Each structure stands twice: as structure tokens, then as C-alpha cells.
Amino acid sequence: MVTTSNAIPWAPIRSTLTDKFSFGEIKQIVGYGNLDMFLLAHLEQKPQNGVSKSHLLSEIDKQVGAMDDKRRNAFVSICCEEMMRRKPDVIEELDRVLSRVGWKFSGTSLVPIEIFDIAELAELPELAHADIQKAARRLRDGDLSGALSAACGALDAVTSDIYGRYGLGDAGKASFQERIKKSIDALKVKDSLVRELTEIGWSDPDRKILSANIDGSLNQAAFVMQKLRSDMGDVHGTKPVISALVYDSIKWSSLLLRVLAFR
């Protein structure tokens, strides 16, 4: 289970600000992040007795260092958005320096690589992309129940589409677990697996054991997510949220979505 901090690293963004932006631009960019500009008002760049970008950023560092993770994430995200708005080509540099410390851009949102690798999007149904990115973004921002709800919402969107395409009835009347099971069955995922195992020489007993265990694992993952959503989601939540389970729920959601991407 993931136990690392959710705080977006400030240092790589700071370095990019130093290299790519002027003194005045830096002040404007951090201002959009609702920094206390009164504490920076005395810092000016002028021909004589002025201050350097390094001095300005050191003063900014003091305020960033005093922020909690949630406030810092909001500030750093806004800074990145403003940097990219002013100089679209800076995203390549930001992506390069942030990927070294475990963060990547998904659209204009920053998410930890260990939470969600954006390369996985290509393997997931397109209908799920927005909610999966939202889940990772909410988790990054410390909104655990919101992240869980978004991960489940991704599966809702995909199973609703499958119910419609295959005439499986009213998806809204089925439980979360039932929706996933019926959708997997409609796509004949297990039949395809058995066929592929047969083609590579697996025996009938081995095929049946593997197929049954995969089927059971997917069904159990759906049940766990259903239970977590019922008790921890921001819509229906009645109990405290356990962060490690929310991290895992996004991974389970990605696994189930990959199966539901079967054609």
C-alpha cells in the first residue's frame, strides 16, 4: 500500500520559475496562487539596490514552507497552470523535472505516478478517463471520499454504456457489484480467456481453475469497492475514510476498467 506524502514538490517548479520567467512574471504567477503579496511588496528589481530572483524566491519559499499539504498543492497547481498559460512550451520542462520526483501531468492536473500512470489511460475505456483523472486529482488534494466516489463513477459510466449496448436492463436498478459482473459476462471476457489459453496449450482443468479464480477475484474487487463506496463515499458516506483503501480502490478501478475495455 502507498504511504508516501501527497504534497506536490515545490522545488522543481521553483527551479523552472527561476530559469524560464522574469522577476515580474514570477511575482504575478505566485500572486494567482493567493500568496500573501504584502510580504513581497518590498522586493523590487531595479538598477540600484534591487533584489535578485533568488532573493524573491527565497521569500516565497518561506510562505510555501509554512503551508499544509492541501494549501501547498493548490498553490503549486495554480502556479503550474499560470506558467503553462504564459509559456505553453514550459510543460515539457515541468514534466521532465517533476517526473524525476514521481509526478506527472494528466491534462493540466498533476498526479503522483504511483497513484495513477497516465500511460494507463490508453488501455481504459474512453468514457472512464475523466473520472479516473478526477479520482487521482482528488486523492492528490486530500479529498479521499471524493477520490473514491470518482473511481466508482468511472465504472458507473462504463457499465451504463455496456448495459445500453447489450440490452442488459436498467443499470440504475442494479447493485455496483452486479453491474460489473453482468458487464463482464456480456463482453464474454472469460470465454475469450479460455480460448486464448487453449490456443497456447493449457489443459482443460488448468483453464477452468484459472478462469474461476480470475472471475472470483474480479467479483471480490467489485464487492470491496461497492462496500467502500457505501460507507466511505462522499455521497453515501457514514464512516471515516481509510486512506490506504482509497489508494487501492483506484488501482482496483483501473483493473476492472481494463477488463471492461475488452472488445
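With respect to the numbered conditions (1) among the hydrophobic types (A, V, I, L, M, F, W, C); (2) part of a helix (DSSP H, G or I); (3) more than 19 Å from Ser253 (Cβ to Cβ), which one is the sole condition not fulfilled by Val158?
Result: Val158 passes all but (3).
Checking Asn34 against (1) touching a Phe, Trp or Tyr at 6+ places or on another chain (Cβ under 8 Å); (2) free of Cβ contacts under 8 Å to residues at least 24 places away in the same chain, which single condition isn't satisfied?
Of everything listed in (1) touching a Phe, Trp or Tyr at 6+ places or on another chain (Cβ under 8 Å); (2) free of Cβ contacts under 8 Å to residues at least 24 places away in the same chain, Asn34 misses just condition (2).
Output the number of the condition that Ala11 fails; it satisfies all remaining conditions of (1) small (Gly, Ala, Ser); (2) farther than 17 Å from Pro112 by Cα; (3) surrounded by fewer than 17 Cβ atoms within 10 Å (Cβ to Cβ).
(2)
Of all the residues that make up segment 168-194, how many are exposed (fewer than 12 other Cβ atoms within 10 Å of the Cβ) and within 21 Å of Leu255 (Cα to Cα)?
The qualifying residues number 1.
Just to check your reading of the model, which residue among Leu17, Leu43, Leu56, Leu35 is at pLDDT 90 or above, over 30 Å from Lys251 (Cα atoms), not assigned by TED's automatic domain parsing to the domain that holds Lys251 and not in a helix (DSSP H, G or I)?
Leu35
Could you tell me which numbered condition Ala222 fails, if it satisfies all but one of (1) more than 23 Å from Ile132 (Cα to Cα); (2) assigned to a helix (DSSP H, G or I)?
(1)
If you take the residues of segment 64-87 that are touching a residue at least 60 places away in the same chain (Cβ under 8 Å) and basic (Lys, Arg), which of them is farthest from Leu39 (Cα to Cα)?
The selected residue is Lys87.
For the list (1) at pLDDT 90 or above; (2) in contact with a strand residue (DSSP E or B) (Cβ under 6 Å, 6 or more places away or on another chain), I need the number of the one condition that Ile8 fails.
Of everything listed in (1) at pLDDT 90 or above; (2) in contact with a strand residue (DSSP E or B) (Cβ under 6 Å, 6 or more places away or on another chain), Ile8 misses just condition (1).
The values are calculated or read from the model by the stated rules, or taken from the named source; none is laboratory data. Everything numeric here is computed off the predicted structure, so don't read it as measured data. Methodologically, a virtual Cβ is constructed for each residue, glycine included, from the backbone with ideal geometry; neighbour enumeration extends over all protein chains shown.
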